[in-house]
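Take a look at the structure below.
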Amino acid sequence: MTVTATSASPASLSVDAWVVPLARPVASADEEALTNTLGASFAQALRVLGDEHGDTVVIYPEAPEAERIIFVNCGAIDEVDAESLRRAAASTAETLRDAHATDVGLVMPTLPIEARTATQALVEGLVLAHYRYTAYKTDRDDVAPVLNALHVAYRPDHDEAAVEDGAARGQHVAAATCSARDLVNRSPHEKTARHLAAAIKDSGHAHGYTVETWNRDRIEDEGMGGLLAVNRGSVEPPTFSVLEWAPDQAVNDRPVVLVGKGVVFDTGGLSLKPTKDSMDFMKADMGGAAAVMGTFEAVASLNLPVHLIGLVPATDNRPGQHAYVPGEVVTMHSGATVEVMNTDAEGRMLLADALSYARRYTPALVVDLATLTGAAVTALGHYASAVMTSNTPDAAERLYALQRAGERTGDRVHPLPLYDDYNEQLKSDIADLTNVGGRPAGAITAGKFLEHFVDYPWMHIDIASTAFLSSAQPYRPKGGTGAGVRLLTDYLERYADAQSIA
Ligand code: BES
Ligand code: MN
Ligand code: ZN
């Protein structure tokens, strides 16, 4: 799929369909330009376009440079922001798909927000809403047409460089999000820990970042007791991937480390999950790993000047003959001992090892992403991920910056506290701590468990509620969502800007 910005008039470009986003009241420059190209049919479309944000109307022009023109209502002009544009663009996707429109034009409107932001948002909305995972569909009639080319048409009164930049960024970021979605949606039989590591390696080759893959021997040498314990019930070996993006012009002297939970399938282990509405979604338990990979793709495509490390511990969690058992005490990478009280609390076991390993980088910041707890789903539903942070002096600013990135991208996060009182729930009679904290505050006690292995500025993002959807949202079809990719990419961009000023 290509996205190109063009100064050519819509009347001179032949496409399958034009998308025309309009906020109310319509800017006079837009009205004039569209009346010039479309004449009376524009006035007519304006009259019949519904009042609600996301309403669309299709016209079939008489002298067709495009077979159809889809107008979409972007809401009140003074309420327009990136997310409202993303959603408005997404609401044209169904019409475009039904029309088999693969070559699509987008007419840039005049908006009160930065042209770069607006363009990026419109492109993201269109591309992300078109996404479908079709790798296993054998009936091609069942496979909806894909968007092949998107032409963003701007006028001389637009900022050309800003539109071009926005279009390119939208394409890169949406593509990276879709890579993460693809990986989440892949069938578990083709998604063992080794497959996952290979996919990350391929991604590194394609996007220009380096990937080192550790096998079981290396993981044993490193003493990653948590990862190895979870892996014992599996017939497949674990992997540990180390990603690195180290641009010459990096603004940070200490790296930012991203850690992603790579549980390629979570049966719960011997503490077996029920199937319905629980185990049946657990191919998505590597959503954190997918988010890390996607973020590396976006960061590399945008050539962001941040030194980044990625750590992805991976295994499935199964009740095989040698599976770890409740009551077992595991010695972790850090040397701490953990009494396993539920083998289904496996994510924190392997994340703890990766977080403890991350200390060697003396990182400026570590962010982990994990489909970690059902409790995060209970707390926030499917509209935001939960975020927690270690209590270092700049914690509040860091949280706020991430929340702001969430609002801008629509890849939202909401904070939960990490009061030390919660440590009570993780006390073990015989080991340093236990891996389950009981029913109250399950998302938080998981965070407290991880915090035990951290001695640097850190944020933990529980994406259990957002990485995978059973019912679609605007620009998020059912299945893997790529949650975290756009959030972190936006956060890291601002992070790089702030560092280069400081
Ligand atoms: N992968 C699950 C969490 C999850 C639940 C992800 C729902 C996505 C949707 C995790 O490994 C898990 O099983 N967590 C347990 C922890 C409990 C045993 C302390 C949970 O949340 O029930
Ligand atoms: Mn589990
Ligand atoms: Zn899990």
> Only one of these conditions is not met by E222: (1) free of Cβ contacts under 8 Å to residues at least 60 places away in the same chain; (2) more than 16 Å from ligand 2 (Cβ to nearest atom); (3) more than 23 Å from the chain's Cα centre (by Cα). Which number is it?
Replying inline: (1)
>> I'd like the full set of residues that are assigned to a loop (DSSP other than H, G, I, E, B) and of a type in the set (K, R), limited to region 444-502.
In response: K478
> Consider L150 against the criteria (1) of a type outside the set (S, T, Y); (2) more than 30 Å from A8 (Cβ to Cβ); (3) in contact with a strand residue (DSSP E or B) (Cβ under 9 Å, 6 or more places away or on another chain): it satisfies all of them except one. Which criterion is unmet?
Replying inline: (2)
>> Being assigned to a helix (DSSP H, G or I) and surrounded by 14 or more Cβ atoms within 10 Å (Cβ to Cβ) is true for just one of R132, R169, R155. Which residue is that?
In response: R169
> Which residues, taken from region 346-364, are surrounded by 23 or more Cβ atoms within 10 Å (Cβ to Cβ) and among the aliphatic types (A, V, I, L, M)?
Replying inline: M349, L350, L351, A352, A354, L355, A358
> Within region 366-391, restricting attention to residues that are within 16 Å of ligand 2 (Cβ to nearest atom) and assigned to a loop (DSSP other than H, G, I, E, B), which residue is surrounded by the fewest Cβ atoms within 10 Å (Cβ to Cβ)?
Replying inline: T373
>> Any residue in region 267-288 that is away from ligand 3 (no atom under 13 Å from the Cβ) sitting within a Cβ distance under 8 Å of a residue that is not in a loop (DSSP other than H, G, I, E, B)? List the pairs, counting only those 6 or more apart or interchain.
In response: none
> With K276, K283 as the choices, which residue is under 20 Å from E236 (Cα atoms), within 13 Å of ligand 1 (Cβ to nearest atom) and among the basic types (K, R)?
Replying inline: K283
>> Every residue in region 333-345 that is surrounded by 16 or more Cβ atoms within 10 Å (Cβ to Cβ) and either over 17 Å from D429 (Cα atoms) or free of Cβ contacts under 8 Å to residues at least 60 places away in the same chain (or both), please.
In response: H333, S334, T343, D344, A345
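Okay, residues lined up against (1) of a type in the set (S, T, N, Q); (2) surrounded by fewer than 22 Cβ atoms within 10 Å (Cβ to Cβ):
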| position | (1), (2) |
| --- | --- |
| I70 | no, no |
| A76 | no, yes |
| E79 | no, yes |
| V104 | no, no |
| T110 | yes, yes |
| I113 | no, yes |
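Values in this text are rule-based calculations from the coordinates and carry no lab data. Only a predicted model underlies this, so the values are computations on that prediction, with no experimental measurement involved. All Cβ positions, glycine included, derive from the backbone under ideal geometry; neighbour counts span all protein chains shown.
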